[in-house]
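First up is the structure itself, then whatever we jot down about it.
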Amino acid sequence: MRLLDAALSVVRAKGYAAASVEELCQAAGVTKGAFFHHFRSKDALAVAAAEYWSETTGALFADAPYHAHDDPLARVLGYVDFRLELIRGAPEKFTCLVGTMVQEVFQTSPAIRAACEASITGHAAHLEADIAEAMRRHRVSGTWNAKSLALHTQAVLQGAFILAKATGDPDAARDSVGHLRRYIAQLFNRPATKERST
């Protein structure tokens, strides 16, 4: 568990390639011998960390207040609002572990790539159910579907995190998420009534 927590912290701060086994051990307060007792390689730790990330963030989102809305569209927009609230502090505090890792290793480590894909698409699947219900309730259809919109939200969020890292400014990410909220509201022919104060 300490190594997994260390991986979440160090990789989000430095990136996967720059996070050495030695640094991960130091952050976890364990020896290299203990590391290799639990994980055969750094890549094996990364796969486990992606799964751990899904579990920990899954619990966070499962308990989020937007689930209390009866209207599924309010839940979808509430999800976006919740994501906006999480964007605070330094980028390594709010950006995504699996998004960070997959950008670096998608061609070099199929196992890590697959673990990251499972995490991202698994998270999107929870949102997809609310989007599908919102489409039925509000009688909305088009050339898009619930799955594609759910995955699009993840694409925007990952892009927003990249902007925050590139600019060193969380407001860059917040602005992108605000645009995402307005876009979803327009798809459902609703006014984007909740705006971020600047």
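The values are calculated or read from the model by the stated rules, or taken from the named source; none is laboratory data. What you are looking at is a predicted structure, and each value in this text was computed from that prediction instead of being measured. Side chains are part of the model used for accessible areas, which takes the heavy atoms of the whole protein and leaves out ligands, DNA and RNA. Shrake-Rupley method; radii C 1.70, N 1.55, O 1.52, S 1.80 Å.
The fraction of accessible area contributed by carbon and sulfur in the chain is 54 percent, rounded to a whole number (1.4 Å probe; ligands and nucleic acids excluded).
Listed by chain and number, the lysines whose C-alpha is less than 27 Å from the C-alpha of residue 32, apart from same-chain residues fewer than 8 away, are 14, 42, 93.
For the chain, the longest principal axis of the Cα atoms and the long axis of helix 170-187 meet at an angle of about 40 degrees. Shape class of region 42-81 from the alpha-carbon gyration tensor: prolate, with a/c at 1.5 or above and a/b greater than b/c. Note on the chain: helix-only mean residue ellipticity at 222 nm, from DSSP H runs of 4+ residues weighted -39500 (n - 2.57) and normalised by residue number, equals -24000 deg cm²/dmol. For the set 14, 93, 42, solvent exposure ranked by accessible area (probe 1.4 Å, protein chains only) runs largest to smallest as 93, 14, 42.
Based on protein heavy atoms only, the chain ends up with 52 Å² per residue of surface accessible to a 1.4 Å probe.
The long axis of helix 42-62 is offset from the longest Cα principal axis of the chain by roughly 30 degrees.
The angle between the Cα long axis of helix 2-14 and the longest principal axis of the Cα atoms of the chain comes to about 70 degrees, rounded to the nearest 10.
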